[in-house]
Amino acid sequence: MKVLKLAVICCLISMFATFPFEAKSYKGSKNCISGSLKSAYESSKAVFVGEVLHVTEDKGVKTITFRIEESWKGADSEEIKVNAQETIRYQALFEVREKYLVFAQSESVQKDRKLWIRRCSRTTRLADASKDIEELGQIKKSAKTVKNLSQSGEL
């Protein structure tokens, strides 16, 4: 009986000791392998800076409505809705009136083509995204250069 109690206590301690690291918000888990910004950009359907207007939740899925401030890819309207599936390992802690750099994917198998923020997304608060914003500017510049060269026949 003492062994069982000790085992339960050890399990509880280890669970609560690791849980705060697993339940990171928009930035994903510390257990995620962070790829390059370029690969995150290329795999995203939409990349933008937006201010959260409101957040709704239905059956573990949060829908976050953003007002677009700057878009690098796929966010051509003034507002956009992005979904986040919450789990024990991922809590989508988006705050109204807070600004975020968002990398959203689309599920190609779904007919509605909704945008989603995943657990290991590069999405982060704008205040923490200065390096990524700078690099996105470089990615966009190089993409324009390639496009211009291909249109002029130099490629």
**Message:** When you check residue 29 against the structure, is it surrounded by fewer than 17 Cβ atoms within 10 Å (Cβ to Cβ) and modelled with pLDDT of 90 or more, yes or no?
**Reply:** no
**Message:** Suppose the filter is of a type in the set (D, E, K, R), within 15 Å of the chain's Cα centre (by Cα) and farther than 14 Å from residue 125 by Cα; does residue 99 pass it?
**Reply:** no
**Message:** Conditions first: (1) under 18 Å from residue 120 (Cβ atoms); (2) at pLDDT 65 or above; (3) out of contact with any strand residue (DSSP E or B) (no Cβ under 8 Å at 6 or more places or on another chain). Residue 44 passes all but one, so which condition is the exception?
**Reply:** (3)
**Message:** Exactly one condition in (1) closer than 29 Å to residue 139 by Cα; (2) surrounded by 14 or more Cβ atoms within 10 Å (Cβ to Cβ); (3) at pLDDT below 95; (4) not hydrophobic (A, V, I, L, M, F, W, C) is false for residue 51; which is it?
**Reply:** (3)
**Fill in**
By residue number, the members of the range 69-127 that are among the aliphatic types (A, V, I, L, M), farther than 14 Å from residue 47 by Cβ and either at pLDDT 85 or above or surrounded by 20 or more Cβ atoms within 10 Å (Cβ to Cβ) (or both) are 84, 92, 96, 127
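The values are calculated or read from the model by the stated rules, or taken from the named source; none is laboratory data. Just so you know, these numbers come straight off a predicted model, no measurement behind them. Counting neighbours? That spans all protein chains shown, and the Cβs are built from the backbone with ideal geometry, glycine included.
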